[in-house]
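Inspection log for the structure reproduced underneath, given as structure tokens.
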Amino acid sequence: AQSVTQLDSQVPVFEEAPVELRCNYSSSVSVYLFWYVQYPNQGLQLLLKYLSGSTLVKGINGFEAEFNKSQTSFHLRKPSVHISDTAEYFCAVSDLYGGATNKLIFGTGTLLAVQP
Amino acid sequence: EAQVTQNPRYLITVTGKKLTVTCSQNMNHEYMSWYRQDPGLGLRQIYYSMNVEVTDKGDVPEGYKVSRKEKRNFPLILESPSPNQTSLYFCASSRDRGVNGYTFGSGTRLTVV
């Protein structure tokens, strides 16, 4: 069964520093990959997605992620974070041939805590 | 504004008292899904629907029911809630089986005492 691992439950970082949030998935078959962001007391918002093509994907708010098939990873990066980036970030994977709904399998989330 | 609307946002109820959490989307999406979010477990799918009158179980369907009588609405029903259903619930919809991502509601925080 498909699974997603986000090893870091919390990542503290100072404002304007770079950050990387790690995500690894288990499947060896073709997949769709997503990062969602959840701000406090809000629902999840799509940050970026990888479906095919270029392995470097750019999303909203200056975030980007790189798909690495050999390492089955999809790490999220931002060169300079802001206080407003404080949120929980979820990596999710969907099998390319996942059937009727391309069900999303979510990781357990990483809380990005940006400090002044 | 394109959105998924859930109600209520917060609910405290007692064990065994039937409740319904409503979900409505205004994007004419065919695909809708319910997730629950628990600390350390991420989001887990409860039920999903591919279209009107077409629903199926997700990973954690026990204790829940759904219906899809209209395209825009996808209510989640707890016939006899128990404390282990205390959780944060999200409804989500997609126009293309989730290929381009889902639109999520703001969530319903349910406490069963």
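The values are calculated or read from the model by the stated rules, or taken from the named source; none is laboratory data. Quick caveat: nothing in here was measured; it's all calculated off a predicted structure. Neighbour counts are summed over all protein chains in view; Cβ atoms, including those assigned to glycine, are modelled from backbone coordinates with ideal geometry. Accessible surface areas use protein heavy atoms only, side chains included; no ligands, DNA or RNA. Shrake-Rupley method; radii C 1.70, N 1.55, O 1.52, S 1.80 Å.
Does residue A:33 satisfy the condition of being crowded, with 18+ Cβ neighbours inside 10 Å and in a strand (DSSP E or B)? So residue A:33 fits the description; yes. Limited to the stretch B:40-58, what total is found for residues that are outside any strand (DSSP E or B) and either touching a Phe, Trp or Tyr at 6+ places or on another chain (Cβ under 6 Å) or at the interface with chain A (Cβ under 7 Å from one of its Cβ atoms) (or both)? Residues meeting the conditions: 3.
When A:45, A:6, A:38 are screened for being without any contact (Cβ under 8 Å) to a residue 40 or more places away in the chain and facing chain B (nearest Cβ under 9 Å), only A:45 passes. Taking the listed residues A:61, A:24, the one that is out of contact with any strand residue (DSSP E or B) (no Cβ under 7 Å at 6 or more places or on another chain) and either surrounded by fewer than 16 Cβ atoms within 10 Å (Cβ to Cβ) or more than 27 Å from residue B:9 (Cβ to Cβ) (or both) is A:61, with no other qualifying. Residue check: is residue A:63 over 26 Å from residue B:34 (Cβ atoms) and hydrophobic (A, V, I, L, M, F, W, C)? Considered against the rule, which asks whether it is over 26 Å from residue B:34 (Cβ atoms) and hydrophobic (A, V, I, L, M, F, W, C), residue A:63 comes out as yes. Taking the stretch A:85-110 as the range and being at the interface with another protein chain (Cβ under 7 Å from one of its Cβ atoms), outside any loop (DSSP other than H, G, I, E, B) and either modelled with pLDDT under 80 or farther than 15 Å from residue A:1 by Cβ (or both) as the test, only A:90 passes. Scanning the stretch A:36-58 for residues that are open to solvent by less than 60 Å² (accessible area, probe 1.4 Å) and not in a loop (DSSP other than H, G, I, E, B) returns A:36, A:37, A:38, A:44, A:46, A:47, A:48, A:50, A:57. For residue B:74, the stated conditions do not hold, so it cannot be described as within 9 Å of another protein chain (Cβ to nearest Cβ) and at pLDDT 95 or above. Within the stretch A:1-22, the set of residues being farther than 16 Å from residue A:106 by Cα and not in a strand (DSSP E or B) comprises A:15, A:16, A:17, A:18. Checked against the criterion of being open to solvent by 30 Å² or more (accessible area, probe 1.4 Å), part of a strand (DSSP E or B), of a type in the set (A, V, I, L, M, F, W, C) and at pLDDT below 95, the stretch B:30-39 contains not a single residue that satisfies it.
Given the criteria away from chain A (no Cβ under 11 Å), over 27 Å from residue A:89 (Cβ atoms) and surrounded by fewer than 16 Cβ atoms within 10 Å (Cβ to Cβ), does residue B:1 qualify? Criteria not met by residue B:1. Could you tell me whether residue B:84 is closer than 17 Å to residue B:17 by Cα and open to solvent by 20 Å² or more (accessible area, probe 1.4 Å)? Considered against the rule, which asks whether it is closer than 17 Å to residue B:17 by Cα and open to solvent by 20 Å² or more (accessible area, probe 1.4 Å), residue B:84 comes out as yes. Residue B:61 falls short on exactly one of the conditions (1) away from chain A (no Cβ under 14 Å); (2) at pLDDT 95 or above, and that condition is (1). Hey, any hits in the stretch B:93-102 for a residue that's within 11 Å of chain A (Cβ to nearest Cβ), under 14 Å from the mean Cα position of the chain (by Cα), at pLDDT below 95 and assigned to a strand (DSSP E or B)? Yes, the stretch B:93-102 has at least one match. When residue B:68 is tested against (1) closer than 18 Å to residue B:19 by Cα; (2) within 14 Å of chain A (Cβ to nearest Cβ); (3) open to solvent by 10 Å² or more (accessible area, probe 1.4 Å); (4) without any contact (Cβ under 8 Å) to a residue 40 or more places away in the chain, only condition (3) is not met.
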